[in-house]
Amino acid sequence: MNGFAAAVVLLGVLWAPISALEGFSLLDPVNGYVTGTMTIDGGNHVVDVHVRSGVFSSDTIFDYSTGYVATRLFSRNACFIMKLDKDRIPGLERLSRVAFERQTMRTVYSPDNVWVEFQSGRSRLGDVEDWLRYGKPIERLCAGLPLYQLSNTQPPTNASACASAGIPSILGINICENLTAEGY
């Protein structure tokens, strides 16, 4: 029996680094089709989300080690970056728990939503300083694309012009263009 216990402990020690990686299928709450995937890398504190929905496709990186979130919207061929706001975006452990619950229960949920905006015409290409600040996962996602800085906002009266990204049925990130002429 002591040999069996030692084998179980050894397997637990060897399995721990492997189990730090969790994968989830993201289902459309209406028809149940897989609309994307989410991988949680607990060892590196990164969540990688791929949403495939035609013109509305996006990739999002939540890098909890650097404190930034980046979304690549394929329809705009650009990257949108914001500071990870702990009051509005769930922590890594909570995100993992909610994803597991929603995948296993397969119940329709209303996601939390974050509303952010960017100023059109104020993009730039990333440089070495940006990539040091944002980290390698975001650099891999956004290198060579225009970068827009996002800021928190309230839901607009006409949200149809906003792009949806984030994690379907868990955390919606709604990216809207600020159409006011401030600073011009």
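Since every read-out is calculated from the coordinates, none of them should be taken as a lab result. Bear in mind that the values here come from a model prediction, so they are computed numbers and not experimental data. Cβ coordinates were reconstructed from backbone atoms using ideal geometry, including for glycine residues, and neighbour counts include every protein chain displayed.
Results, tabulated for the structure shown:
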quantity	calculated
Karplus (6.51, -1.76, 1.60) ³J(HN,Hα), θ = phi - 60°, over region 85-101, in Hz, Gly and Pro reported as x	8, 5, 7, 10, 10, x, x, 4, 5, 5, 4, 4, 5, 5, 4, 5, 4
Segment F74-N158, length gained on full extension (0.36 nm per residue, minus Cα span)	28.1 nm
Estimated vicinal HN-Hα couplings, Hz - region 56-73 in sequence order (Karplus 6.51, -1.76, 1.60; Gly, Pro = x)	9, 5, 7, 10, 9, 10, 9, 9, 6, 6, 9, x, 10, 10, 10, 10, 9, 9
For region 20-178, share of DSSP beta bridges that run antiparallel, in % to the nearest 5	80 percent
Packing-based order for 52-61, 39-48, using average beta carbon neighbours within 10 Å, highest first	39-48, 52-61
Euclidean distance between Cα centres, region 31-83 to region 125-149, Å	14 Å
Length gained when the stretch N178-D112 is fully extended (0.36 nm per residue, less Cα-Cα span)	21.6 nm
Charge dipole (region 20-178, unit charges on Cβ, about Cα centre) - positive-most of S151, P168, P137	P168
Computed label-point distance, nm, for sites D85 and H50 using a 7 Å Cα→Cβ extension	3.0 nm
Sites L21 and R124 - FRET efficiency at Förster radius 25 Å, r taken between beta-carbons, to 0.05	0.15
Förster radius 35 Å - calculated FRET efficiency between T37 and S151, Cβ distance, rounded to 0.05	0.80
